[in-house]
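Single-structure report; data block below.
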Amino acid sequence: MRRKRVLALALALAFGGALTASAQQTPAAATTAPAAARASANKHVTHRDRSRAQHAFMQGAKEMQRDNPRAAMDDFARAAQLDPADARYSASVAIARQRLVYDLVQQAEKEKLLGHLDEARAKIQEAYRLAPDDPQVAQHVDELAAASAARPSRAPQVGTAVAPPIHLVPR
């Protein structure tokens, strides 16, 4: 017990206090949180649910091969819900979500280059809903905000002088 606290204190000092909260936990409190997570994940899964989860997982894998990460994410999420003890399913949800976010960011960048800022904004908003902590999404939100602020108004400004029309005459 004393040895664990000394080790935790040494690690906390080495990493700048990042581990001090875990060093202050009692050993019983430190083991109850993971045990509670395992208990919810280890609920009894019927053979039928396991089979349905495997089927949903295979459907998700096929959707990923078809470049359809949105459908894949839904299939993987269904598999994870049916069999929460299988870590492959939740990891696959995260992979499909990240792929979808990447695709949305790429589509938004294309729309921005074409001057379709409203469409780009919609794509980035959807990506932000899926991954609010993603630094790539945050960067594109900032870039899109700057592009929207810098976009010149299409309405003619009052008081702006306009040159007379050009007349072309054949030789």
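The values are calculated or read from the model by the stated rules, or taken from the named source; none is laboratory data. Small disclaimer: the values here were computed from a predicted structure and weren't measured. So basically every Cβ, Gly included, is an ideal-geometry build from the backbone, and we count neighbours across all protein chains shown.
Here are the numbers for this structure:
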{"read-out": "Hey, Asp75 modelled with pLDDT of 95 or more, surrounded by 18 or more Cβ atoms within 10 Å (Cβ to Cβ) and within 24 Å of the chain's Cα centre (by Cα) or not", "value": "yes"}
{"read-out": "Residue match in the range 96-106 (condition: of a type in the set (A, V, I, L, M, F, W, C) and surrounded by fewer than 18 Cβ atoms within 10 Å (Cβ to Cβ))", "value": "no"}
{"read-out": "Every residue from the range 54-72 that is within 19 Å of the chain's Cα centre (by Cα), not small (Gly, Ala, Ser) and not in a loop (DSSP other than H, G, I, E, B)", "value": "Glu63, Met64, Pro69, Arg70"}
